[in-house]
Amino acid sequence: MGTARKQQQIKEILARMQMSIQTFAGLVYEELRGDDDKGAEAKLAANIKKQLQRSTTSESLLDQYLEILSVQPGFEALELGHIKLRYVVHECLSDELTQAMVALSDELDEREG
């Protein structure tokens, strides 16, 4: 899907959920660490703010953030139309065909980006 698009989706979801970066950082910290540390959450909030602006932010990190947001109460009610992408293995597809489809998907994402 592309880093810029995922960053925009996260920003849109946060705005629609009326959730601050600080509150989101608390959710992320709790999800990843299973802990509640306000100082660490404040540092994470600063990092998240930067990550939502940098083109070098890892897509896998943004996917984690989208996953955390998608399980929050009220997310479904927003009806944002975002589709959560995930790969499902199909035994009927050869490895070669799967790799070709991945390459095509990546190429289309780059054109979109």
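Per the Debye calculation on the chain with a single equal scatterer at every Cα and no solvent contribution, log₁₀ I(q)/I(0) for q = 0.19 Å⁻¹ amounts to -1.04.
The fraction of accessible area contributed by carbon and sulfur in the chain is 50 percent, rounded to a whole number (1.4 Å probe; ligands and nucleic acids excluded). Applying 1/(1 + (r/R0)^6) with r as the Cβ-Cβ distance of Val102 and Lys11 and R0 = 25 angstrom yields a FRET efficiency of 0.35.
Specify the residue with the greatest mean-square fluctuation among Thr98, Thr57, Thr23, computed from a Gaussian network of the chain linking alpha-carbon atoms under 10 Å apart. It is Thr98.
A 1.4 Å probe run over the protein chains yields, for the range 1-51, 59 Å² of accessible area per residue, whole-number rounding. Site pair Leu78 and Glu30 shows an inter-label distance of 1.7 nm when each label is modelled 7 Å from Cα along Cα→Cβ. Couplings 3J(HN,Hα) for the range 21-34, derived from phi with the Karplus relation 6.51 cos²θ - 1.76 cosθ + 1.60 (θ = phi - 60°), are 4, 4, 5, 4, 4, x, 5, 5, 4, 5, 5, 7, 10, x Hz, where x marks Gly and Pro.
Using a probe of 1.4 Å, the accessible surface attributed to Arg54 totals some 120 Å² when neighbouring protein chains are kept in position.
The values are calculated or read from the model by the stated rules, or taken from the named source; none is laboratory data. What you are looking at is a predicted structure, and each value in this text was computed from that prediction instead of being measured. Note that we place each Cβ from the backbone using ideal geometry, even for glycine, and neighbour counts take in every protein chain shown. Only protein heavy atoms, including side chains, enter the accessible area calculation; ligands, DNA and RNA are left aside. Shrake-Rupley method; radii C 1.70, N 1.55, O 1.52, S 1.80 Å.
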